[in-house]
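Novice: This is the structure I have questions about; it appears just below.
The values are calculated or read from the model by the stated rules, or taken from the named source; none is laboratory data. Nothing here was measured: the structure is a model prediction, and the numbers come from that model. All Cβ positions, even for glycine, are placed from backbone atoms using ideal geometry, and neighbour counts span all protein chains on display. All accessible areas refer to the heavy atoms of the entire protein, side chains included, with ligands and DNA or RNA removed. Shrake-Rupley method; radii C 1.70, N 1.55, O 1.52, S 1.80 Å.
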Amino acid sequence: MAEINNVHSVTEVPGDDDAKRNFHHRIFLEPQERKRSMKALVVKQAKKSCSCTPAKVKDYVFSFFPVLQWLPKYKLREYLLGDIMSGVIVGVLLVPQSIAYSLLAGQEPIYGLYTSFFSGIIYSIFGTSRHISVGIFGVICLMVGQVVDREMQRAGYDLESAVPSVLTGTAAYVNTTVPPANQTLQKLLCDKSCYAITVGATMTFIAGVYQVAMGFFQVGFVSVYLSDSLLSGFVTGASFTILTSQAKYLLGLDIPRSSGIGSLIATWVNIFRNIHKTNICDLITSFLCFLVLIPAKELNERFKSRLKAPIPVELVVIVAATLASHFGKLRETYGSSIAGHIPTGFLPPRPPDWNLIPNVALDAIPIAIIGFAITVSLSEMFAKKHGYSVKANQEMYAIGFCNIIPSFFHCFTTSAALAKTLVKESTGCRTQMSSMVTSLVILLVLLVIAPLFYSLQKCVLAVITIVNLRGALRKFKDLPKMWHLSRVDTVIWLVTMVASALISTEIGLLVGVCFSMLCVIFRTQRPEAPLLGWVAESETYESLSAYKNLQTKPGIVLFRFEAPLYYINKECFKSTLYKQTGVNPAWVKAAKKKSAKRMLREKEVDPSGNQNSISMDFVSEPLGFHTIVIDCCAIQFLDTAGIRTLKEVCKDYGEIDIQVLLAQCNPSVRSSLIRGEFFKEGEDHLLFHSVHQAVDFALGAQGHSRTSASK
C-alpha cells in the first residue's frame, strides 16, 4: 500500500488556548497489479496476432487495402465532380514539374512522368489520406540525384556530356575509361540514361523496403525526432542546394554536377569560372520565364479564394517555350540545351540491380525517413483539418509500396508534397479518387503528348524548379516570429538549414537531429528551479521570480525543480538548491565544526567560560528556516543517481536540523523512491500529495515542537 499524507486538521488542545496540535489523515492508495511475466505477455500477444478467424482476416484485408473501404461507399453525385476537377488540375501542374524535377534527380524527363503516374495509382489503393498528393518532391529528387551522380562517376560515365539520349535501347553514352571488352559489354547492356535510372530505381526499391519494414515493426516513432523546425530548416537548406544545381541550366553552362561535402560552394566556384561561356539565348529565355512565372504565381496565391482553380501558368510557359524553341530553331542556331526525345508508352519492367544495393543501401536511409516523415505529417495535418483519421503505419506501407512497385517500372523515389496537396485540397478533392484522375492525365501525356516536348529548353525546366522553391525560401520571413515564440527552435532551424546547405543534405539532416537532441539534453541539464510563494486565500504556490504579491511561509522554503532528476543534472539540482536556500549543509557543518574547535581552545585558555560567548552564539545561530519542501510536480522520472541525490540532500540537511519534505510526486517517481529505499522505516509520512499539505504539516510540526519545549 502506498501511503500519502492528506489534509491536515488543526484542533485546539484542551487546557491550553494558545497551543495547537496537528492531526494529519492519510490516504491509502492500493497500486494496480502489474503482470510482470514477460513470457505470459509474449504468449498472449502471439495468440492475439496468430489467431485466424474470418472476421479477423476480413478486417486485416480491408485495413491493408483502404480502397476496399472507401470505394464501395463512394458517392458519385457528391464526390465525383470535386475529385475530377482537383485531379485534372493537379495533373496539369504535375506534368511540367515531373519533367523539371527529373533533371534534379539526374534522370530523363520520361522517368519523372512514369514516377508521377505510378505513385498516384498505388497511393489511392494503399493510402488512408483523402487529400495528400504523392509524387515527385524536390528535396527527395535532389538526394536521389546526388547518389545517381556519384554512382555514375564510379562507373566511369561522362557527366559533362550534354547530348540528350534517345532511349531507343542503344548506347548513346559509352564509358570511354574502361577496357574495350568491358566497354562493348556495357554498350550492349546499358547506356548512360539507362544506368542512371537503374541506380535511381535500385535506391528507390531499398528506400521502399525500409519504409515497409518501419511500418511492419511499427517504428514510426522515429519521425518524432524530426521536429517541425528541423524539417523546415532541412527543406530550406536543401532548397539552396536545389537552386545551385539548377543555376547552370539558367546560364546554359556545361559543367559537371558537384556532389559530396561542400557541393554548394564547389558548384558556384565552377559557375563563376565558366561564366564567360554563358549561353545568351538560355539566359534571355530564363529571364523571360521568370518574368512570367513569378508574377503569375503571386497572383494565384493572392486571389486563390476567388479563383475556382489556379491558373496553370507552368503548362502555358512550357507550351509557349517549346513552340518558340521549335520554330526559332534555338538549338541549331544558338546551341541551347533541350529536353530531347521523350518516347510514348511504357518501357518493359525491369528489376533493380541487386549488385548496386550495397552501394546505395546507406544513402536510402535518410531518403526513406524524410519521405515517410513528410507523408505522415501531411496526412495527419489534413485529416485533422477535415475531421477524419489516418493510420500512421498504413501510411508508411502506402509510401513504401509507392516506391517498391514503381522501382520495377523505371521510377525514382516519391513522397507527399505540400504545394500540390494544398492545390488538391483547395480545388475540391473529396477522396483518393482524385489521385487516380491525376494519373489518367499523366497517362494521356505519356501515350500521346510527350514527344511534342522534344524542343523544350532545359533552362525553362530549371526556372520552373526554382520558382517552386519560393515557399521554402520564404521561411526566412517567419524567423522573427519563430524567435519570439521559441529561441531554441529558431536555433535548431538555423543550424539544420546551414548544415544542409553548406555541408550536404544527408549530413545536414544528421546534424539537425543530433543538435535538436542536444538542445533537449541541455534544457534538462540546467532547468528552471525557482523558489515558490503562496497565493493568498488559496492552496496554490507559484514562482516568486515570475509573479508579484506572493507570500512566504515563516521558517519554510519551497523549491521546485522543473526537469527530470537524473545523472546529467544531479549536480545542478544540488547547487541550485543550495544557492536558492542560501544554505549549503557542508559549509554549515564545517563552520560549526571549526567554531566548536575554536571554542574548545578558548575554553582551555579560560576555564571560566567568559571568552567563548561569541563562539557559542555562532554555533547555536539559527539558519532562518526549519523545513524545505521540494515540489516534484515537474520531475517526470528519477534514475539511480537522482534517488541517491535526494537521499544525500535529505541526510545533509537533516544533520543541521532542517527537514526535507517531498510533495506532488507522480506514481513513477513515487515507485522509484520506494524501490530505491528512500524512506526509512516510519518516515514515509514525509511524502505529500500537495505542496499545501506539506506546508501545513511543517507549520503544525514546528508549532507542536515549540509547545512541547515550552512545557
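Novice: Kindly flag which residue pairs out of Lys192/Lys329; Lys248/Lys424; Lys553/Lys579; Lys329/Lys420; Lys304/Lys481 have an alpha-carbon separation exceeding 30 Å in this structure.
Specialist: Numbers: Lys192/Lys329 26 Å; Lys248/Lys424 32 Å; Lys553/Lys579 19 Å; Lys329/Lys420 34 Å; Lys304/Lys481 25 Å.
Pairs exceeding 30 Å: Lys248/Lys424; Lys329/Lys420.
Novice: Leaving ligands, DNA and RNA out of it, work out the accessible area of Arg474 with a 1.4 Å probe and give it in Å² to the nearest 10.
Specialist: 80
Novice: Starting from the Cα of Phe287, step 7 Å toward the Cβ, then list every residue of the range 429-462 with an amide N under 17 Å from that point.
Specialist: 459-460
Novice: Now for a different question. Report the Cα centroid-to-centroid distance between the range 323-337 and the range 517-587 in angstrom, as an integer.
Specialist: That distance is 73 Å.
Novice: Another question, then. Per-residue counts of other Cβ atoms within 10 Å, averaged by peptide: what ranking do you get for 387-396, 416-425, highest first?
Specialist: So the peptides 387-396, 416-425, ranked by packing, come out 416-425, 387-396.
Novice: Ok, one more. Length gain on complete extension for the stretch Ala213 to Leu510, per 0.36 nm per residue less the alpha carbon to alpha carbon distance?
Specialist: Numbers: separation 297, 0.36 × 297 = 106.92 nm, distance 2.10 nm.
Between Ala213 and Leu510, full extension yields 104.8 nm more.
Novice: At Leu531 and Ser668, where each label point lies 7 Å from the Cα along Cα→Cβ, what is the point-to-point distance in nanometres?
Specialist: Modelled inter-label distance: 3.1 nm.
Novice: In addition: Label points 7 Å out from Cα along the Cβ direction at Arg523 and Leu479: separation in nm?
Specialist: Distance between label points: 2.1 nm.
Novice: Radius of gyration and Dmax for the range 250-293's Cα atoms, expressed in Å?
Specialist: 12.2, 35
Novice: Would you mind classifying the range 419-477 by shape? Square roots of the alpha carbon gyration tensor eigenvalues, ordered a ≥ b ≥ c; an a/c under 1.5 is rounded, otherwise it is prolate if a/b is larger than b/c and oblate if not.
Specialist: Numbers: a/c = 4.42, a/b = 1.06, b/c = 4.18.
Oblate.
Novice: Could you give the nm distance between label points at Thr333 and Arg302, where each point is 7 Å from its Cα heading toward the beta carbon?
Specialist: It works out to 3.4 nm between the two label points.
Novice: Cβ neighbours within 10 Å, averaged per peptide: list 357-363, 141-147 in order, most packed at the top.
Specialist: Most protected by this proxy first, the peptides run 141-147, 357-363.
Novice: Sticking with this one: Which parts of the range 64-79 would a label at Ser389 reach, counting a residue when its backbone N lies under 12 Å from a point 7 Å out along Cα-to-Cβ?
Specialist: From the range 64-79, the list is empty.
Novice: Same structure again: Kindly list the residues of the range 518-538 that lie in the label zone of Lys548, defined by a backbone N under 19 Å from the point 7 Å along the Cα-to-C-beta vector.
Specialist: Output list for this probe position: 532-537.
Novice: Accessible area, 1.4 Å probe, largest first: how do Trp587, Trp534, Trp354 sort?
Specialist: Trp587, Trp354, Trp534
Novice: Please label the shape of the range 227-341 as rounded, prolate or oblate, based on the square roots a ≥ b ≥ c of the eigenvalues of the alpha-carbon gyration tensor (a/c under 1.5 means rounded; beyond that, a/b larger than b/c means prolate, else oblate).
Specialist: Working: a/c = 2.55, a/b = 1.05, b/c = 2.44.
Because a/c hits 1.5 or more and a/b fails to exceed b/c, the range 227-341 counts as oblate.
Novice: Please work out the ratio of the alpha-carbon Rg of the range 345-438 to 2.2 N^0.38 Å and round it to two decimals.
Specialist: Values: Rg = 15.4 Å, N = 94, 2.2 N^0.38 = 12.4 Å.
Here the answer is 1.25, to two decimals.
Novice: Over the heavy atoms of Arg150, what accessible area does a 1.4 Å probe trace out, to the nearest 10 Å²?
Specialist: Approximately 60 Å² for this residue.
Novice: For the range 256-383, which whole-number percentage of the solvent-accessible area (1.4 Å probe, protein heavy atoms only) is attributable to carbon and sulfur atoms? Can you show the working numbers first?
Specialist: Details: 4820 of 7160 Å².
Ligands and nucleic acids excluded, carbon and sulfur give 67 percent.
Novice: Please list the non-local residues whose amide H lies under 5 Å from the amide H of Leu661, H modeled 1.01 Å from N, same-chain partners needing a gap of 5 or more.
Specialist: Those qualifying (amide H under 5 Å, at least 5 residues apart or on another chain) are Ile628, Val629, Ile630.
Novice: Taking 0.36 nm per intervening residue step and subtracting the Cα-Cα distance, what contour gain separates Phe64 from Leu444 on full extension? Working shown, then result.
Specialist: Details: separation 380, 0.36 × 380 = 136.80 nm, distance 2.95 nm.
Going from the current span to full extension adds 133.8 nm.
Novice: Could you pull out every residue, at least 5 positions away or on a different chain, whose amide H is within less than 5 Å of the one on Arg430? Hs are placed 1.01 Å off N in the peptide plane, and Pro or chain starts have none.
Specialist: Asp83
Novice: What part of the accessible area of the range 401-480, given as a whole %, is carbon or sulfur when the probe is 1.4 angstrom? Walk me through the intermediate numbers first.
Specialist: Values: 2010 of 2720 Å².
The value for the range 401-480 is 74 percent carbon and sulfur by accessible area.
Novice: Follow-up. Which of rounded, prolate, oblate describes the range 416-554, given a ≥ b ≥ c as roots of the alpha-carbon gyration tensor eigenvalues and a/c under 1.5 marking rounded, otherwise prolate only if a/b is larger than b/c? Intermediate results must be reported in sequence, preceding the final value.
Specialist: Values: a/c = 3.89, a/b = 2.37, b/c = 1.64.
Prolate, because a/c is 1.5 or more and a/b exceeds b/c.
Novice: Right, another one. Charges at C-beta only: +1 for Lys and Arg, -1 for Asp and Glu. How large is the resulting dipole of the range 291-447 about its Cα centre, in Debye rounded to 20?
Specialist: Numbers: 14 positive and 9 negative charges, 121 e Å.
My answer is approximately 580 debye.
Novice: Leaving out ligands and nucleic acids, note down the accessible area per residue over the range 362-513 with a 1.4 angstrom probe, in whole Å².
Specialist: Numbers: 5810 Å² over 152 residues.
Per residue, the range 362-513 has an accessible area of 38 Å².
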